[in-house]
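Notes to accompany the following structure.
Read-outs throughout are calculated quantities, based only on the coordinates presented, and are distinct from any laboratory measurement. Because the structure is a prediction, the values reported are computed rather than measured. Ideal geometry is used to build each Cβ from the backbone, glycine not excepted, and the neighbour counts take in all protein chains shown.
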Amino acid sequence: MSKTAFLFPGQGVQKCGMGKDFYENSSQAAKLFEKASEALGLDMKALCFEENARLDQTEYTQAALVTTYLAMCRELESRGVKPDITAGLSLGEYAAIAVAGAMSDLDAIRLVRKRGMLMQNTVPAGEGAMCAILALDEKKIEEVLNEVPDVTIANYNCLADRDHRKNSCSREGSCPVKRGRSQTDTDAECQWAFSFPDAGTGRSCIETGTGAGNISETADSVCDKCECL
């Protein structure tokens, strides 16, 4: 017998207009958007449906996404589509918990609004940037970072039993990864994300790739992108 799962993505999938079709065609969805607006003191319709810069600001993004997730789910449930299991990535976990019945919709929305505000205040807008790297072994990344002050790996985001994972690190100052040596990794599945705050712009630098990776070539590419921001 088949099972139904509701899966909720994390922050980063937000898009202007998200949930608008549900709001306009579902009384269940519209009701939740209105309740969320009242609970947070925000115009959730304007935040989610209209072009605006706030939608990409963490303190607003998280509540907007969870409200949209839950509005969609409540309409599905009113049509008899109910999950046997729910799961979410990062921010999506809160929607998964609410849909599973362990938390009310409004409590979930209030909680992620607070979560977003705390996260935003921890790293204010304009500080920090990100660079993503693919196809390098984590031990090689750690070796490079050992020689760079104020840089730490913040996250390993992959299966725990693999040696190749996605790494995140952040620091203040210019890109430090450039290194004059050649080491090759042939596992195309490994991936990393580096964060390099740029004091001048605070913009993000992204570097990705697949297949075998040469650490000196990739690091040079990262530095070139960071330096041109």
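Taking R0 as 22 Å, what FRET efficiency do you get between ALA87 and LYS45 from their Cβ-Cβ distance, rounded to the nearest 0.05? Don't jump to the answer; show the numbers that get you there.
Numbers: r = 28 Å, r/R0 = 1.28.
In this case the efficiency is close to 0.20.
How far, in nm, would the chain grow between CYS16 and LEU118 when pulled straight, counting 0.36 nm per residue and subtracting the alpha carbon separation? Mind showing how you got there, number by number?
Working: separation 102, 0.36 × 102 = 36.72 nm, distance 2.33 nm.
Computed gain between CYS16 and LEU118 is 34.4 nm.
Would you please give the FRET efficiency between SER78 and SER2, computed as 1/(1 + (r/R0)^6) with r the Cβ-Cβ distance and R0 = 22 Å, to the nearest 0.05? Before the final figure, lay out each step's value.
Details: r = 21 Å, r/R0 = 0.96.
FRET efficiency, SER78 to SER2: 0.55.
With N residues in the range 1-136, what two-decimal value do you get for its Cα radius of gyration over 2.2 N^0.38 Å? The partial results should precede the final answer.
Numbers: Rg = 15.4 Å, N = 136, 2.2 N^0.38 = 14.2 Å.
Here the answer is 1.08, to two decimals.
Need one number: nm distance between label points at ASP150 and SER27, each 7 Å from Cα along Cα→Cβ, rounded to one decimal.
So the two model labels end up 5.8 nm from each other.
Quote the FRET efficiency, to the nearest 0.05, computed for ALA100 versus LYS139 with a Förster distance R0 of 45 Å and r equal to the Cβ-Cβ distance.
Values: r = 38 Å, r/R0 = 0.85.
My answer for the efficiency is 0.70.
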